[in-house]
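Notes follow the structure.
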Amino acid sequence: MRRLKALAQNRRLVNGVKLVIAGGLLLWLVKSGRLDLALLIRTPITIWYVLGMLLLLGSMVLQAVRWWWLVRSQSIGISLSEAIRLSWMGQFFSVLLPGATGGELVRAYYISQESATITSGVSTVLVDRAIGLYVLILLGAPSVWLLGRAGGEFAAGVRQIGAAIVLILVVLTSGFLLLWWEPTRAFALKLIPVRFRASLEATIESYHARPRVLLAAALLSALSSTLYLITFLMASRSLGLSIGWQVIFLVIPLVTMANSLPLAPGGVGVAETTSFLLFSQFGVIQGAAIMLLVRLWIMLLRLPGAAFYVMRGRDERRAANAVASQR
């Protein structure tokens with residue numbers, strides 16, 4: 001009992017620290033003039049504003065379809081509509097939980113209840129996340145070449161951000177290849193505890209035997225990530241800023257990675273600070289405002305996830321009561 005109380009206290013302390021980090025970063029941005037809240041308040045609802053939200057919605061739907069495609073490959077029998085509902089529930093909780101990956105825990109929990117093994121269910125969330133991140137970073141690679149070729153006063157920023165993108169791609173590609181090649185995969189599996197090894201090996205083999213599934217997921221990810229990146233372009237236009245798509249495609253993948261770090265609830269403050277720092281390399285001082293506007297759109301579009309969660313809980317209680325009444 002004491003141990004449980006200690007864990008609860010530690011969790012509250014950690015969550016408190018993360019709230020302080022989020023609030024401190026936002027306060028620093030506002031007080032230093034790096035985040036102009038008045039600019040956001042004055043932003044009119046223009047065609048750019050509407051297009052941004054529609055593109056973001058399309059990206060979210062495609063992400064759910066991509067995950068459902070991976071779920072089907074593991075012989076988990078849920079419908080596309082159910083996958084969309086579970087995906088939206090995860091999206092909603094990612095707003096509340098520390099880091100953007102917090103919502104993935106919600107998806108993993110519910111899909112593992114539908115799968116034959118916990119490993120196969122959880123793997124769909126991990127593979128979905130890995131493919132999404134890899135393709136998003138990959139889409140930033142052409143901008144490194146295009147902006148680097150143009151040179152100019154922002155060449156140093158391009159080199160620094162480009163080096164980070166190339167390094168991330170090398171690490172991720174190496175990881176994928178090591179798991180794909182049988183000798184290195186066998187070695188990696190030896191590092192896994194015995195009780196998990198067999199189910200994990202079977203799950204990896206199931207993906208290895210279906211390369212077309214992964215390819216289709218990557219293509220869906222390319223489309224959803226492109227819509228997501230263009231969303232930021234629409235946000236910049238809504239704020240009256242003129243930023244080239246190459247800069248958006250270069251900066252936003254790294255901002256998204258920063259938003260996924262479990263440093264603050266939903267990545268609030270962390271992504272805005274990163275956005276300011278990276279966009280400022282190209283003479284754009286309202287990078288934090290761009291991220292905050294897109295975050296507002298994300299929060300609004302994720303609200304249905306709360307309703308899906310409430311309805312699912314109600315249905316589960318009804319099912320439990322029905323079973324209890326038959327006994």
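The values are calculated or read from the model by the stated rules, or taken from the named source; none is laboratory data. What you see is a predicted model, and the numbers here were worked out from it, not measured in a lab. When we count neighbours, we look across all protein chains shown, and the Cβ atoms used for this are built from the backbone with ideal geometry, even at glycine.
Return the residue satisfying two criteria in turn: it lies in segment 203-226 and is in a helix (DSSP H, G or I) and either of a type in the set (D, E, K, R) or without any contact (Cβ under 8 Å) to a residue 24 or more places away in the chain (or both), and of such residues it is farthest from V247 (Cα to Cα).
E205
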Review point. Taking segment 253-270, which residues are under 12 Å from the mean Cα position of the chain (by Cα) and either under 16 Å from I161 (Cβ atoms) or buried (at least 21 other Cβ atoms within 10 Å of the Cβ) (or both)?
Key: P253, L254, V255, T256, M257, A258, N259, G266, G267
**Study point:** Residue check for L136: at pLDDT 90 or above and touching a helix residue (DSSP H, G or I) at 6+ places or on another chain (Cβ under 7 Å)
**Key:** yes
Review point. Would a scan of segment 172-183 turn up a residue that is more than 30 Å from Q281 (Cβ to Cβ), aromatic (F, W, Y) and assigned to a helix (DSSP H, G or I)?
Key: yes
Check your understanding: Can you find even one residue in segment 211-228 that is farther than 30 Å from L301 by Cα and modelled with pLDDT under 90?
Key -> yes
Check your understanding: Out of segment 274-306, which residues are of a type in the set (V, I, T), within 18 Å of the chain's Cα centre (by Cα) and within 20 Å of V158 (Cβ to Cβ)?
Key -> T274, I290
Practice item. Taking Q286 as the residue in question, decide whether it is in contact (Cβ under 8 Å) with a residue 40 or more places away in the chain and surrounded by fewer than 23 Cβ atoms within 10 Å (Cβ to Cβ). Key: no
Review point. Looking at V251, V213, which is the one that is more than 26 Å from W48 (Cβ to Cβ) and either in contact with a helix residue (DSSP H, G or I) (Cβ under 6 Å, 6 or more places away or on another chain) or aliphatic (A, V, I, L, M) (or both)?
Key: V213
Check your understanding: Take the residues of segment 22-35 that are of a type outside the set (K, R) and buried (at least 17 other Cβ atoms within 10 Å of the Cβ): which is nearest to the chain's Cα centre (by Cα)?
Key -> A22
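Looking at segment 36-68, which of its residues are among the aromatic types (F, W, Y) and surrounded by 19 or more Cβ atoms within 10 Å (Cβ to Cβ)?
Selection gives W67, W68.
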Exercise for review: Specify which of the listed residues (A64, A100, A130, A116) is part of a loop (DSSP other than H, G, I, E, B) and either modelled with pLDDT of 90 or more or under 20 Å from A258 (Cβ atoms) (or both).
Suggested key: A100
Practice item. Filter segment 240-252 for residues that are farther than 15 Å from Q160 by Cβ and hydrophobic (A, V, I, L, M, F, W, C) and give the result. Key: L241, I243, W245, I248, F249, I252
